[in-house]
1. I'd like the distance between the alpha-carbon centres of region 102-116 and region 432-467, rounded to an integer number of Å.
2. Using modelled backbone amide H atoms (1.01 Å from N, in-plane), which distant-in-sequence or interchain residues come within less than 5 Å of Lys126's amide H?
3. Out of region 341-436, which trypsin sites (Lys or Arg not before Pro) are coil in DSSP terms and have no more than 16 other C-beta atoms within 10 Å?
4. Find the accessible area per residue for region 373-441; the probe is 1.4 Å, ligands and nucleic acids are left out, and the unit is Å².
5. Just to be sure I understand the model, the point goes 7 Å from the Cα along the line to the Cβ. What's the resulting Glu105 to Thr482 distance in nm?
6. Of the heavy-atom accessible surface of region 505-606 (probe 1.4 angstrom), what whole percent is carbon and sulfur?
7. Between Leu140 and Lys497, what is the label-to-label distance in nm when each label sits 7 Å out along the Cα-to-Cβ direction?
8. Taking the Cβ-Cβ separation of Leu412 and Lys536 as r and a Förster radius of 22 Å, what is the calculated FRET efficiency to the nearest 0.05?
Amino acid sequence: MKKPTTPEKRQQFFNWNGVFIGILILLLLNTLLAPYIGSSQIKDSDYGTFISELNKGKVSKVVIKDGYVYYDIPAAKAKNSAKSSKTVSPFMTPQNEPQTYRTPEVNDPQLIDRLLKAKAPTKNGKVEISKEVPQKSSPLVDFFVWWILPALIFWWIWRAGTNKMMKGGLGGGGGFLSVGKSGAKVYAESDVKTRFSDVAGQDEAKATLMELVDFLHNPKKYTSLGARLPKGALLVGPPGTGKTLIARAVAGEAHVPFFSISGSEFVQMFVGMGAAKVRDLFRQAAQKAPCIIFIDEIDAIGKSRDQAMGNDEREQTLNQLLTEMDGFDATKGVVILAATNRPESLDKALLRPGRFDRRVIMELPDLEGRKAIFKVHLKDVKHEDIDLDAVGRATAGSSGADIANIVNEAALRAVRLGEKAVTTTDIEESVETVIAGEQKKGAVISPEEKRIISYHEIGHAMVAAMQTGTAPIQKITIVPRTSGALGYTMQVDAGEKHLMSKDELLERIATLTGGRAAEEVMCHTCTTGASNDIEKATQLARAMITTYGMSDHFGMVQLEQQRNRYLGGASDLTCSPETAKAIDDEVSQIVKEAHAKAVKIITENQDKMNAAATILLKKETITGKEFMEAIGK
């Protein structure tokens, strides 16, 4: 068959195909349903009932076919006939028509004689008898119905999908099976309601992206000087910092269509489909220019080809993306924004100027940024005067998503307590809920264990209070939490800290060992409660040596390489086994010296430890102010 060339001929081709396949389907349905057509008014009966009705002279007609005996009883007599065991159809029999029953044919040699002798409610008083001999269908017809016809149906479905895909190239305008379509969510300019005012805590990122918005609004302002629109900007930062949100805000401020797709949606099982999706995405974007394309988690397809990718489809998709970014005209106003948490894993060719011209870093917000984020999320929550400075300092290290969750938890807490508005206390408690989990009010702890936990937490606080470079104590509690913590000591810095000295790190390690030191000095034992303290103290001591260069022995030598900076910061040692052993020895020495310092502080302040622990045992939760008053400081 000649391939259709114009859209009209192609449509006519598909119309004729549709008519042809419709006729084939009707033939197939007619063949399959023929035995059941016309049987909607037949009721099932049993052979004994049939013989009984025959002997009573109620049967007017008998037909034997397909292993069944069909018999008719006139309507007037059917009213008094026996009830059938099963109704084949829910439709009622017309009053003037005889009711037809059927019963399985049994091996009854006397059946014919009974039928000939029986009386019937007919004009001649005889039962009308007939028997249909089953006819075998032609093998040719069976072969056509059961093999050729289904094959033609599947061939037509495949042909229709393939021809639709070929429109405008693979991945074109919408095909029957949607194979090769980009799958991007397209938002019209009127649908994107997000603005830069909805994004807080990322002032530097907004300033960088505002230039893209201005370029889309006033391209002549830049082109008159020979400047060109950056093709792409890569948004980099930890999870929850608002990368997707700020991309939508750019589209909302620019009033242009917004294409949103995840990098994983390009990855397909069939080779070539991912590349087809890339082509289709850029084709649609060119039609709707000016517009913004946002690819979230671009590392799913943009991993470095130096690594053993082991997936030809992923590499083909990346190659197609690189080609498309080189091929489209930046003067048309198509801007590509991409987001990732792992920029170090991206291919160098993807990051070069001309593809992603800018890298926008979106770090965790500082104190002022967190306060601004709280303001944004509190706009939709009924609240009283919130101490933003206090809650901002209490949420150090939190992302925008974390703060949104904290505000929501505070609103839920206010509802549970029957409050009319969210208060600062609700937010502070929700911070603890997000960090340590809900309070386990039903937990049963023995008095001795409760005493050990109290001294453990007071030990942390005492060591922190007796040093000069540690953060002030905010709260001490021995109420168990769902995270598994039996208690904790919260410290909050008075201001935002960007650097930490070696002495401050050593004091922090000493504070972490204060819980175990208090158990040993005050309770003359040691428990498993210090496991988390040991983990943090060891990590901090190791980082001092391998990352921060604070070792007298090794000095400023990189001994550890960090991976996934924005996803937890896992690291690998880059040294010999002998050096690794020396690192372990020095880490052990740092922690031992910090522990000895903590033991000394607690030994010298046992009376103050007893006074503070007594208050904590009684109240279960005390503030930093109450603790400082208890130790007379």
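1. 91
2. Ala120
3. Passing both the DSSP loop test and the Cβ count: Lys379, Lys382, Lys420.
4. On the way: 3610 Å² over 69 residues.
With all protein chains present, region 373-441 gives 52 Å² per residue.
5. That separation, rounded to one decimal, is 7.1 nm.
6. Numbers: 2870 of 5620 Å².
That fraction is 51 percent.
7. 9.4
8. On the way: r = 30 Å, r/R0 = 1.36.
That gives a FRET efficiency of 0.15.
The values are calculated or read from the model by the stated rules, or taken from the named source; none is laboratory data. Model, not experiment: these values are computed from the prediction. Heads up, the Cβs are rebuilt from the backbone with ideal geometry, glycines too, and the neighbour counts pull from every protein chain shown. Just the protein is used for accessible areas: all its heavy atoms, side chains included, with ligands, DNA and RNA removed. Shrake-Rupley method; radii C 1.70, N 1.55, O 1.52, S 1.80 Å.
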